Ligand code: GLN
């Protein structure tokens, strides 16, 4: 049974721990470099990427996170966590740092402000035909991707149709939305399979 960490600096840590628990893996919060060394996969939750980034530096986790990503640790980022995995950020704060690893440019708060949070069906490659009812909260979208990045999901309807909201590059997975808030564990299951080397 793999141990999967949830980066616990800030954000919706408990929700991810609960979903992972339900999938039968060992799920643990990660706040220190030694704890990071002990996991086989990591979730970077939703929250506020600017705050998370500053805390990662303060807790001396930013460099260890980059090292582990570089060495191939499977990581799944949701929303702010997607921003943390992006190599480039638009509409960030000045000097905003990320862990990086996915060769993509994301735009922060791309869909609008908190009051414009919304749900929309998104079809995700690799988890079956039934669309995910995706919850977007001040979400980023993926503005552009490098050649090694696979778009796994796009918004289906409306003026944002076609916007990329789920991507994978090697062992890194990211979604603009929050499956940990919906009771649909299929994307977490995909990630667990990635950690097990089965996806
Ligand atoms: N807007 C937030 C950020 O920039 C992300 C919001 C979220 O994670 N729900 O980090």
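The helices (runs of 4 or more DSSP H) found entirely in the stretch 1-75 that carry 2 or more residues being closer than 21 Å to residue 106 by Cα and more than 13 Å from the chain's Cα centre (by Cα) are 49-58, 62-70. Filtered by the rule that a residue be surrounded by 22 or more Cβ atoms within 10 Å (Cβ to Cβ) and away from the ligand (no atom under 16 Å from the Cβ), the stretch 43-60 gives no residues. Output the number of residues of the stretch 86-107 satisfying the condition of being within 24 Å of residue 60 (Cα to Cα) and part of a strand (DSSP E or B). Selection size over the stretch 86-107: 6.
The condition of being touching a helix residue (DSSP H, G or I) at 6+ places or on another chain (Cβ under 7 Å), exposed (fewer than 14 other Cβ atoms within 10 Å of the Cβ) and modelled with pLDDT of 95 or more holds for only one of 93, 124, 99, that being 93.
Only strands (runs of 3 or more DSSP E) whose full extent lies in the stretch 115-199 are considered here, and the ones with at least 1 residues that are within 27 Å of residue 70 (Cα to Cα) are 118-124, 141-145, 150-155, 164-169, 172-175.
The residue pairs whose first member lies in the stretch 38-53 and is on the phi > 0 side of the Ramachandran plot and modelled with pLDDT of 95 or more, whose second member is more than 9 Å from the ligand (Cβ to nearest atom) and assigned to a helix (DSSP H, G or I), and whose beta carbons are closer than 9 Å, counting only pairs six or more residues apart or on different chains, are 47/13.
The values are calculated or read from the model by the stated rules, or taken from the named source; none is laboratory data. Here the structure is a predicted model, which is why all the values come from computation and not from measurement. Backbone-built Cβ (ideal geometry, glycine too); neighbour counts: all protein chains shown.
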